[in-house]
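Only the coordinates and a few stated rules stand behind these numbers; no lab work does. A quick note: this is a predicted structure, and the numbers were derived from the prediction, not measured. Cβ sites come from the backbone with ideal geometry, for glycine too, and all protein chains shown count toward neighbours.
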Amino acid sequence: MPAEGACVVNEPVRARSLDIKLAPSTRMSCALADRLLDFNRDIVQPAAQRILGLKVVSIRHFGAYACRDEKSSRHQLSQHAYAKAFDLAGFVMSDGSHIDVAKDWHDDEDRGAFLHEVAKRACGYFSVVLTPDSNKLHHDHFHLDIGPDRLCGPA
């Protein structure tokens, strides 16, 4: 558990939507919100249209800000502690269907292709991208962060 006052969020925002709905709303840094906005516009929406013929209307997630250490380390704060990380669990599409990282990551059809393309191209927008292929901790979501480290899990 981090020491009291260790977690600092510069320019926090509570995001309900960027240019699509975030379900549920979550607290994040302004810099992360800007990056997610660009990522959705430049990568997510075009991939959804090209691969699935649909628009993404909502991003499902496990949150951004959480004052905690990294799960793999007891001595280093997670980028979630600075609201610079986002755990993306899936998407709600314009036809009402759901694309879920946990369920569809290993799909050999369009759903899996969509998730793999989004994850791979996320490496151009985020410092760290972790997927179900990265480790057991990320079996059901993508971890996207804008911290100082560099690691592209899907490359």
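Remarks
- Separation of the Leu37 and His139 label points, Cα + 7 Å toward Cβ, nm: 3.7 nm
- Under a Gaussian network description of the chain, with springs only between Cα atoms under 10 Å, the residue in Asp145, Asp104, Asp42 that fluctuates furthest is Asp42.
- Once the Cα-Cα distance is subtracted from the 0.36 nm per residue extended length, the Ser97 to Val57 segment shows a gain of 13.4 nm.
- Karplus 3J(HN,Hα) series, Hz, for region 139-145 with 6.51 cos²θ - 1.76 cosθ + 1.60 (x for Gly, Pro): 5, 10, 7, 9, 9, 10, 9
- Cleavage-rule hits (chymotrypsin sites (Phe, Trp or Tyr not before Pro)) in region 79-151: DSSP loop, at most 11 neighbouring Cβ within 10 angstrom: none
- The trypsin sites (Lys or Arg not before Pro) of region 58-155 that meet both conditions, a loop assignment by DSSP and at most 14 other Cβ atoms within 10 Å of the site Cβ, are Arg68, Lys71, Arg74, Arg150.
- Positive minus negative residues near Ser127 (Lys, Arg vs Asp, Glu; Cβ under 12 Å): +1
- Gyration tensor (alpha-carbon) shape descriptor, the chain, a/c threshold 1.5: prolate
- FRET efficiency for the Asp110 to Leu151 pair, using the beta carbon distance and R₀ = 25 Å, is estimated at 0.35.
- Nearest-ten-degree value, helix 110-122 long axis tilted from longest Cα axis of the chain: 40 degrees
- For region 76-155, the relative contact order is 32 percent, taking Cα pairs closer than 8 Å that sit 6 or more residues apart in sequence and dividing their mean separation by the residue count.
- Relative to the dominant Cα principal axis of the chain, helix 30-39 is inclined by about 20°.
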